[in-house]
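Derivation of every value follows stated rules applied to the coordinates shown; laboratory data play no part. Fair warning: this is a prediction, and the values are worked out from it, not measured in the lab. Cβ: placed from backbone, ideal geometry, glycine included. Neighbour counts: every protein chain shown.
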Amino acid sequence: MSYEVNGKTVDHDEEGYITEIGSWSEEIAKIIAQAEGVAMTDEHWEVIRFLREYYNEYQIAPAVRVLTKAVAKKLGPEKGNNKYLYELFPYGPGKQACKIAGLPKPTGCV
Amino acid sequence: MSQGDEPSFETGVVKKFLYLNRKAPYGTVYALEVLEMVLISAAFEQDVHLAFVDDGVYQIRKGQDTKSVEMKSFLPTYRALEGYDIEKLYVEKESMEERGLTSGDFVVPVEVIDRAAMGSLIDSMDVVLGG
């Protein structure tokens, strides 16, 4: 299974998570977001960038509780809360935002 | 909530969990598997402790280069534990010293305790999981 972007194929698993984190690009993010029914705005990109930074630093995708707390610390409490994050990513800021960010499914996410 | 001693999520029964790490980080899957188990268990809001004994002390040693074993280093992930509210980390003094390490050699803040204190710690836990 794979996404097509600019004539290149990028493999993903049965749930749509790309299998090689290094093959991610903003173009792929847009394709995944479209498949998820998410219209990307600056606010979405801010969370995606945050997740990519978190992964670079810790080598894992954060659990949603941890993500919420970390966003609050970095971007302020008006963004680090469930309401804000679920409005951006209705199927869960953990699962859905990580998928768009090209991260693996969060550890412990069932 | 009905009466009775049955533990449930509603009553918020919190148990003391200890994950006992005894093996070097690479060569076997124990270290990584325990770390993933710890991250998953954090969702259940239990009282989580991690102990590093024997070669397990190498798991959190600074400056690991995994290129030659062709594996991704999961060393940075130990630093994420704080964000998961897992901050009770213990290193056995004897294991550390036998390997020429000091408390400054670790990527995360740890409490160094001697073998006898480690025994008491293990004894005080409700659940001990080894790896």
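Treating r as the C-beta distance of B:Ser124 and B:Val69 and R0 as 45 Å, the FRET efficiency rounds to 0.80. Listed by chain and number, the lysines placed with their C-alpha closer than 18 angstrom to that of B:Lys16 are B:Lys88; residues fewer than eight positions away on the same chain are left out. Please compute the net charge surrounding B:Ala80, taking Lys and Arg as +1 and Asp and Glu as -1 over other residues with Cβ under 13 Å from its Cβ. Net charge in that neighbourhood comes out at -3. Taken about its Cα centre, chain B carries a charge dipole of about 500 debye when Lys and Arg each add +1 at the Cβ and Asp and Glu each add -1 at the Cβ. Between B:Asp114, B:Asp65, B:Asp105, the residue with the greatest mean-square fluctuation in the GNM of chain B (Cα pairs under 10 Å linked by springs) is B:Asp65. A dipole drawn for chain A from +1 and -1 charges on Cβ atoms has a positive end, and of A:Tyr17, A:Leu51, A:Thr68 the residue lying farthest that way is A:Thr68. Rounded to the nearest 20 debye, the dipole magnitude of chain A is 500 debye, with +1 charges on Lys and Arg beta carbons, -1 on Asp and Glu beta carbons, and the Cα centre as origin. Considering chain B as a Gaussian network with a 10 Å cut-off on Cα pairs, which listed residue, B:Gly83, B:Gly104, B:Gly56, attains the greatest mean-square fluctuation? Its mean-square fluctuation being the largest, the pick is B:Gly83.
For the cross-link pairs B:Lys67/B:Lys93; B:Lys23/B:Lys62; A:Lys8/A:Lys30; A:Lys79/A:Lys99, the ones whose C-alpha atoms lie over 18 Å apart are B:Lys67/B:Lys93; A:Lys79/A:Lys99.
When the Cα positions of B:Gly130, B:Met71, B:Val91 are compared along the charge dipole of the protein assembly as shown, B:Met71 comes out farthest toward the positive end, with charges on each C-beta of Lys, Arg, Asp and Glu. Between B:Ala117 and B:Val29, what's the calculated FRET efficiency when r is the beta-carbon distance and R0 is 22 Å? Round to 0.05. Between B:Ala117 and B:Val29 the formula returns 0.15. Calculate how steeply helix A:42-58 sits against the longest principal axis of the alpha-carbon atoms of chain A, using the helix alpha-carbon long axis, and give the answer as 0 to 90 degrees to the nearest 10. Its long axis makes an angle of about 90 degrees.
With each run of n ≥ 4 DSSP H residues scored as -39500 (n - 2.57), what mean residue ellipticity at 222 nm is computed for the protein assembly as shown after dividing by its residue count and rounding to the nearest 500 deg cm²/dmol?
It lands at -10000 deg cm²/dmol.
On C-alpha positions alone, give me the angle between the axis of helix B:30-41 and the longest principal axis of chain B, in degrees, nearest 10. So the inclination is approximately 30 degrees. On full extension, the segment bounded by A:Arg49 and A:Ser25 gains 7.5 nm, given 0.36 nm per residue less the C-alpha separation. In this Cβ point-charge picture (+1 for Lys and Arg, -1 for Asp and Glu), the range B:6-69 has a dipole of about 380 debye about its Cα centre. The C-alpha radius of gyration of the protein assembly as shown, expressed as a fraction of 2.2 N^0.38 Å, stands at 1.14.
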